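Report on one structure; see the data block that follows.
The values are calculated or read from the model by the stated rules, or taken from the named source; none is laboratory data. The model shown is predicted, which means the values in this text are computed figures rather than measured ones. Note that we place each Cβ from the backbone using ideal geometry, even for glycine, and neighbour counts take in every protein chain shown.
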Amino acid sequence: MLVRLGERRITNKTLSYVTLETLSRFCHSADTEPSPWHVPRLRGLPDEYRPELARIVLPYARRAWADVQDPDGQLVRFDPNHALKIWALTKPRIPADYLLLDEAQDTNPVMEEIFNAQRLHAQLIMVGDSAQAIYGWRGARDVMTGFDGLQLTLSQSFRFGPALAEEANRWLQIVESPLRLRGTPTIDTRIGPLQEADAVLCRTNSGAISEIFRLLDEGKRVALVGGERGLRDLARAAGELKAGRRATHPELVLFQTWAELQEYAEEDPAGHDLLPLVDIIDKHGVTKVLDAMDRLHAEEDAQVTLSTAHRAKGREWPAVRIGRSRWRSWWLRRGRAGCAVPWRRGVVDAVRAGAGSSASRVRRGPGLSRRGVRRRGGAGVAGRSTCRGPRRRGVRRQGPPGGRGRR
């Protein structure tokens, strides 16, 4: 089966991927059946064609959903998300007096519905940090924003000193957050130029490939958080496309030629994050990229650990540099040239939205588990901190009718 939507051809493999992704998004939702809004966006496909894509995909997604509910079904591999959705549709009652929902800033609607349904017999407690939400791309949302309960804000951090708190507060003001942080005076936190880093953080996988080449050229032993498989798959897919074959990787599946991908990465703002990949493949070729993956080390044996911001959540390193990014110029326009920028997922989200983040997104105590950064010549940005300690997070509580919240 071959479908054409505008200038894009949709192959069987693409339809299979979209069908399974639609099923996954449905299972994360509170809906009772797969619907058009569960169909994912495809990179390179204009939104005007999404309704037609949904019309084609939904019958397959509904058949897949029927299969996972069938004990004898064999079409789709069963996973825990399917089990959770099937259980949620039974409207379960959890026999407990207290329920605590952790990481509430990244709660899927299906879990939110189960949790809130217990409010008549249990005291509900939510804990989280709105500025650390990282799973919005798969339908998760910050359920603390509309939660009817007592809010307690933890603004004193035991992770860093006053220098980083001051810089963080400047950026919290930029994103119009009412929250202001206090650091711990006894912790030595420094923000400024950095000659050597223990870790380098990147926004995307394609950006990580560029940093790997740069660090290997410097003679460093490099590790990659989460392993190199994802980068290998992306590089191989790019190689297939450059060789004149259709790629099956979800990021590149709609592009028919390498020239199409080049144009998309250079001209479409939504594709700028692929530019490092395109540049590296054009300059070095796929073989050298795969050879670079072979030269990576385990973290315990590495001099520098490389990570995407997504995988860095919850991790700590003494000295951190921020990888090169097209968003750096935005930071410098919004702030003072040469000043520090706190590396926070919430701040990055605000950067991506042009500082359009709402106050509610960052009003609870952020953990600032990633380090502050400072512009360094033409080599990107860097930061340093030697602090340790638990994440500071907001807490919201709600008791059953007539009850009282407790800490």
note = The residue from GLN132, GLN118, GLN151 that alone is in contact (Cβ under 8 Å) with a residue 24 or more places away in the chain and closer than 29 Å to GLU21 by Cα is GLN132
request  = For the stretch 139-160, state whether one or more residues are of a type in the set (Gly, Ala, Ser), surrounded by 17 or more Cβ atoms within 10 Å (Cβ to Cβ) and over 20 Å from ALA312 (Cβ atoms).
outcome  = yes
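Consider the stretch 8-27. How many of its residues are aliphatic (A, V, I, L, M) and surrounded by 18 or more Cβ atoms within 10 Å (Cβ to Cβ)?
Looking only at that region, the number is 3.
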Selected residue [under 29 Å from ALA319 (Cβ atoms), surrounded by fewer than 23 Cβ atoms within 10 Å (Cβ to Cβ) and not assigned by TED's automatic domain parsing to the domain that holds PRO36] from GLN132, GLN173, GLN123 = GLN173
task = Please give the number of the condition GLY146 fails out of (1) at pLDDT below 85; (2) under 24 Å from THR308 (Cβ atoms).
result = (2)
query = How many of the residues in the stretch 95-144 are farther than 24 Å from ARG25 by Cβ and hydroxyl-bearing (Ser, Thr, Tyr)?
reply = 1
query = Counting only residues that are touching a His at 6+ places or on another chain (Cβ under 8 Å) and touching a residue at least 24 places away in the same chain (Cβ under 8 Å), which one in the stretch 202-234 is surrounded by the fewest Cβ atoms within 10 Å (Cβ to Cβ)?
reply = ARG221
inquiry  = Exactly one condition in (1) under 24 Å from GLU21 (Cα atoms); (2) surrounded by fewer than 20 Cβ atoms within 10 Å (Cβ to Cβ) is false for TYR98; which is it?
reply    = (1)
remark   = In the stretch 137-156, anything in a loop (DSSP other than H, G, I, E, B) and within 21 Å of GLY183 (Cα to Cα) is listed as THR153, LEU154, SER155
ask   = Is it fair to say LEU89 is touching a residue at least 12 places away in the same chain (Cβ under 8 Å) and more than 30 Å from ASP67 (Cβ to Cβ)?
value = no
